[in-house]
Amino acid sequence: MRPLTKLAACLLVLVANPLFAGEVALAPTVDAGRLPALGSSWLAANPYRARPVADEALAIGRDAYNQACARCHGRDASTNAAPAPDLRNLNRSCRRIEDDELKAWCLRDNDAYFAKTVRHGKVIVGVTHMPPWEGVLPQELAWAIQLFVERQAAGKP
C-alpha cells in the first residue's frame, strides 16, 4: 500500500471511530455540594490538594471520573487499556521533583494544561479526540477528578 493510501486509511478509521468522532460530553450526576464553591472563573491551580478538602474531593472525584472519563480513559484511572491516554502520566515528571518550590511550579503548569484540555477538549487534524467539557463539567468536579487521578498515579487510595 502506498504511504498516502495508508495515511488516508488511518484517518478514516479515526474519523469513523465513535469513541472519538463527534463525541459529546455528558455531565456526571455527582453532587459537588460538599466541596467549597469555586465560582465561574476557572482557577489557575487545583485548590483541592490541601487537606481536609482533599479527602472529600477524592471520593467525589472518583465518582465523577468513572461517570465522565472512564469510558475513554479506563475505570478508576487504573489501566492503560483504554483508547485514550493514560491520565496517570499527567504529572509523572512533577512526582520526581524533590525541590518543593520547583515541584509547586511544575504542578501549576500541569494544572494549566489540565484545565485547558478539560475546558476546550482535544482536536487533532480536525478530529475530536476529547470533547470540550466547559459548560458541562463545573470546575469543582474537574479539579476533584484531577486530584483523584493524581492519587491513583501515586498509588494512594
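The values are calculated or read from the model by the stated rules, or taken from the named source; none is laboratory data. Nothing here was measured: the structure is a model prediction, and the numbers come from that model. Please note: Cβ atoms are built from the backbone with ideal geometry, for glycine as well, and neighbour counts cover all protein chains shown.
Data for the structure
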{"item": "Among the candidates Ala57, Ala84, Ala153, Ala104, residue that is closer than 20 Å to Ala25 by Cα and at pLDDT below 95", "result": "Ala84"}
{"item": "Residues located in the stretch 107-126, provided they are in contact with a helix residue (DSSP H, G or I) (Cβ under 6 Å, 6 or more places away or on another chain) and closer than 16 Å to Ala25 by Cβ", "result": "Phe114, Val118"}
{"item": "Criterion (surrounded by 15 or more Cβ atoms within 10 Å (Cβ to Cβ), among the hydroxyl-bearing types (Ser, Thr, Tyr) and at pLDDT below 95) met by exactly one of Thr79, Thr128", "result": "Thr128"}
